[in-house]
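Undergrad: Handing you this structure, nothing more for now.
The values are calculated or read from the model by the stated rules, or taken from the named source; none is laboratory data. Here the structure is a predicted model, which is why all the values come from computation and not from measurement. Backbone-built Cβ (ideal geometry, glycine too); neighbour counts: all protein chains shown.
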Amino acid sequence: MGSTVTLTGWGRIAPSSAELAEPSSVADAEALLKVAAPSRPLIPRGLGRSYNNAAQCGGGVVVSSAHLNRIIELDPVTGVADCAAGVSLEQLMVAGLPAGWFVPVSPGTRQVTIGGAIAADVHGKNHHVAGSFAQHVRSFDLVLPGGELRTVTSESDPALFWATAGGMGLTGFIVRAAVQLKRVASSRVRVETVRTADIDETMAVLAEHDRRYGYTVAWSDSMARGKGLGRSVVTSGDFAALADLPAAAKDDPFAFRPGARLGVPGPFPPGLINRYTVALANEAWYRKAPKHRDGELQTIGAFFHPLDGIRNWNRVYGPGGFRQYQYVLPFGEEAAVRRSFELVSAARAPSFVTVLKRFGAGDPGLLSFPMAGWTLALDFPARTPGLGVLLDALDRLVANGGGRVYLAKDSHVPPDVLAQMYPRLPEFRALRAELDPNGMLASDLSRRLGLLARHQAAAGRLSRSEVDGVAHYTRT
Ligand SMILES: Cc1cc2nc3c(=O)[nH]c(=O)nc-3n(C[C@H](O)[C@H](O)[C@H](O)COP(=O)(O)OP(=O)(O)OC[C@H]3O[C@@H](n4cnc5c(N)ncnc54)[C@H](O)[C@@H]3O)c2cc1C
């Protein structure tokens with residue numbers, strides 16, 4: 001097997017050491033899962049863009065899809081892409097756009113693998129019309145604990161399909177998937193921007209734009225309070241038609257240049273992102289936004305992945321790293337959404353990237369995050385004073401409102417609260433107990449949250465994470 005590496009997620013908290021295996025073929029992956037032992041559990045890893053430790057397995061083995069990175073076939077007529085699981089969404093965009101195909105769902109970064117997109121059942125700004133990623137997956141090949149390779153579709157084996165979609169790598173190692181891409185007429189997005197005065201207007205504009213646009217999101221000022229609580233910049237849009245493009249762009253309507261990325265020089269001192277700097281930055285960014293602008297053409301990078309423009313931007317939080325927190329609350333719980341803004345702003349907790357949007361109906365994924373309602377994503381420097389108390393209060397608010405937090409980001413929720421938020425967890429545990437009776441698959445996240453059946457969790461329990469001062473492994 002490979003060398004021992006110390007890993008974190010994108011938030012750079014909770015490092016742990018594991019052996020790194022990088023199979024270069026499906027046969028290698030099968031062999032690896034065949035010899036796995038409960039005393040040395042294993043977890044898949046893609047590009048390490050989940051925020052905390054879902055793709056870590058301290059003391060065990062992390063199986064990376066880094067070398068399974070080939071697009072096997074992309075049919076230019078049907079838009080079905082047959083890919084190895086380590087292919088990134090960016091690779092798919094580069095390959096698909098010249099023929100007019102875009103990924104069906106894009107999270108806020110395109111540095112995500114197909115395997116990671118299925119395992120977290122990721123969502124994008126178009127959830128209200130397109131649902132989450134797994135709904136566009138025609139089939140995947142999964143290497144099960146024990147080494148058996150199985151082709152899974154939502155028709156042939158709905159239980160395994162919907163346990164794997166959102167199952168955070170705990171049902172096996174996905175090695176290949178066929179994904180239905182989305183037809184687009186250009187690589188530009190026609191965007192409407194509205195600056196809102198408060199949370200009520202923000203929610204009203206989001207609701208109205210959801211009816212008119214395929215993509216919507218609000219970037220909110222988490223530090224604003226009083227009359228300005230929840231003030232935001234709402235951006236909404238759809239892919240532009242050829243006729244919408246300026247003459248110069250018509251020659252190359254699918255232009256997409258993902259390469260240009262600025263690096264963040266480091267090291268950054270602790271405390272650079274704090275309540276004062278974030279309040280100032282939010283104020284400046286809010287004031288700069290137009291009150292209303294329509295018809296602006298934006299590139300894919302600017303509209304979908306503004307943070308990808310800066311490589312390793314996660315380092316600006318300094319050595320302590322940062323915690324993302326994302327919840328969804330069902331429609332009807334608007335007062336709780338408002339309350340969450342009050343809690344964050346009253347705590348003066350500096351969330352640098354604060355994003356509010358509306359989800360459409362969820363899919364049948366047992367642990368999939370989205371459900372019809374309001375979703376808010378926040379990120380805080382991990383060393384923010386009083387952060388634990390704030391997150392406790394948010395957990396309670398979300399659980400009491402019938403909502404849930406996102407496993408790809410979670411670093412905080414207690415296991416009993418998580419169980420309340422995911423009522424289908426017992427079904428997931430039961431399926432896992434059949435699929436993986438010896439507990440060969442486990443992650444730092446699954447151990448903390450008790451996602452596996454009890455005896456399996458005990459078998460996979462390992463020592464506490466090691467801490468700072470070591471090289472972190474993140475594929476870029
Ligand atoms: C800037 C930024 C913005 C983001 N925006 C969004 C967003 O808008 N919407 C959203 O939904 N998410 C968002 N995310 C989270 C990200 O999309 C998910 O965490 C995604 O799962 C990361 O994919 P990855 O390839 O990096 O997987 P990793 O982080 O490496 O792994 C994530 C999970 O997938 C499992 N996994 C990975 N590969 C495989 C495989 N081959 N087989 C089985 N399991 C596998 C791992 O075990 C782990 O549980 C964002 C992340 C960042 C950094």
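Undergrad: What pairs come up if the first residue lies in segment 1-12 and is buried (at least 23 other Cβ atoms within 10 Å of the Cβ), the second is of a type in the set (Val, Ile, Thr), and their beta carbons are under 7 Å apart, counting only those six or more places apart or on different chains?
TA: Close Cβ pairs satisfying both conditions: LEU7/VAL62.
Undergrad: Does VAL278 fit the bill of being modelled with pLDDT under 95 and crowded, with 19+ Cβ neighbours inside 10 Å?
TA: yes
Undergrad: Go through segment 373-426 residue by residue and tally those that are surrounded by fewer than 18 Cβ atoms within 10 Å (Cβ to Cβ), touching a Leu at 6+ places or on another chain (Cβ under 6 Å) and either of a type in the set (Lys, Arg) or under 24 Å from ALA159 (Cα atoms) (or both).
TA: Selection size over segment 373-426: 3.
Undergrad: Looking at segment 107-121, I want the residues that are touching a residue at least 24 places away in the same chain (Cβ under 8 Å) and have a partner that is of a type in the set (Lys, Arg) and near the ligand (Cβ under 6 Å from one of its atoms) with Cβ atoms under 7 Å, at least 6 apart or on another chain. Which pairs are those?
TA: Pairs that qualify, where the first residue is touching a residue at least 24 places away in the same chain (Cβ under 8 Å) and the partner is of a type in the set (Lys, Arg) and near the ligand (Cβ under 6 Å from one of its atoms), are THR109/ARG49; GLN111/ARG49; VAL112/ARG49; GLY116/ARG49.
Undergrad: Shifting gears a bit: On the given criteria, is GLY172 modelled with pLDDT of 95 or more and at positive phi? I'd like the intermediate steps shown before the answer.
TA: Working: modelled with pLDDT of 95 or more: yes; at positive phi: yes.
The answer is yes for GLY172.
Undergrad: In the set ALA247, ALA240, which member is among the hydrophobic types (A, V, I, L, M, F, W, C), more than 16 Å from the ligand (Cβ to nearest atom) and surrounded by fewer than 12 Cβ atoms within 10 Å (Cβ to Cβ)?
TA: That would be ALA247, the only listed residue that is among the hydrophobic types (A, V, I, L, M, F, W, C), more than 16 Å from the ligand (Cβ to nearest atom) and surrounded by fewer than 12 Cβ atoms within 10 Å (Cβ to Cβ).
Undergrad: Name the residues in segment 140-174 that are assigned to a loop (DSSP other than H, G, I, E, B) and within 13 Å of the ligand (Cβ to nearest atom), would you? Show your work before the answer.
TA: Keep residues of segment 140-174 that are assigned to a loop (DSSP other than H, G, I, E, B), which gives 144-148, 153-157, 165-172.
Matches in segment 140-174: LEU144, PRO145, ALA165, GLY166, GLY167, MET168, GLY169, LEU170, THR171, GLY172.
Undergrad: If ARG40 passes every condition in (1) closer than 28 Å to VAL189 by Cβ; (2) surrounded by fewer than 19 Cβ atoms within 10 Å (Cβ to Cβ) but one, which one does it miss?
TA: (1)
Undergrad: Then there's this: Among what's in segment 409-451 and is outside any helix (DSSP H, G or I) and among the basic types (Lys, Arg), pick the residue that is farthest from the chain's Cα centre (by Cα). Spell out the reasoning first.
TA: Filtering segment 409-451 for residues outside any helix (DSSP H, G or I) gives 409-414, 422-424, 436-443, 450-451.
Still in the running and among the basic types (Lys, Arg): 409, 424.
On the way: LYS409: 7, ARG424: 21 Å.
In this case the residue turns out to be ARG424.
Undergrad: Within segment 118-127, which residues are of a type in the set (A, V, I, L, M) and within 6 Å of the ligand (Cβ to nearest atom)? Quick ask: steps written out before the conclusion?
TA: Here is the first cut: in segment 118-127, the residues of a type in the set (A, V, I, L, M) are 118-120, 122.
Residues satisfying the conditions are ALA119, ALA120, VAL122.
Undergrad: Only residues in segment 377-399 that are within 19 Å of MET421 (Cα to Cα) count as the first member; pair them with residues that are assigned to a strand (DSSP E or B) and more than 16 Å from the ligand (Cβ to nearest atom), Cβ under 9 angstrom, at least 6 apart or cross-chain, and list the lot.
TA: Pairs that qualify, where the first residue is within 19 Å of MET421 (Cα to Cα) and the partner is assigned to a strand (DSSP E or B) and more than 16 Å from the ligand (Cβ to nearest atom), are LEU397/LEU329; VAL398/LEU329.
Undergrad: Only one of VAL184, VAL179, VAL205, VAL175 is in contact with a helix residue (DSSP H, G or I) (Cβ under 9 Å, 6 or more places away or on another chain), farther than 30 Å from ASP436 by Cβ and not aromatic (Phe, Trp, Tyr); which? Show your work before the answer.
TA: Numbers: VAL179 fails: farther than 30 Å from ASP436 by Cβ; VAL205 fails: in contact with a helix residue (DSSP H, G or I) (Cβ under 9 Å, 6 or more places away or on another chain); VAL175 fails: farther than 30 Å from ASP436 by Cβ.
On inspection, the qualifying residue turns out to be VAL184.
Undergrad: Looking at (1) within 25 Å of PHE304 (Cβ to Cβ); (2) surrounded by fewer than 20 Cβ atoms within 10 Å (Cβ to Cβ), which is the one condition that is false for GLY321?
TA: Here GLY321 clears every test but (2).
Undergrad: Looking at GLY96, GLY100, which one is at pLDDT 95 or above, more than 16 Å from the ligand (Cβ to nearest atom), surrounded by fewer than 19 Cβ atoms within 10 Å (Cβ to Cβ) and over 17 Å from ILE174 (Cα atoms)?
TA: Values: GLY96 fails: surrounded by fewer than 19 Cβ atoms within 10 Å (Cβ to Cβ).
Criteria check complete, one pass: GLY100.
Undergrad: Which of the residues that make up segment 104-115 are of a type outside the set (Ser, Thr, Tyr), near the ligand (Cβ under 6 Å from one of its atoms) and touching a strand residue (DSSP E or B) at 6+ places or on another chain (Cβ under 8 Å)? First the steps, then the outcome.
TA: Going through segment 104-115, the residues of a type outside the set (Ser, Thr, Tyr) turn out to be 104-105, 107-108, 110-112, 114-115.
Filter once more, so that each one left must be near the ligand (Cβ under 6 Å from one of its atoms): 107-108, 112, 115.
Hits for segment 104-115 are GLY108, VAL112, GLY115.
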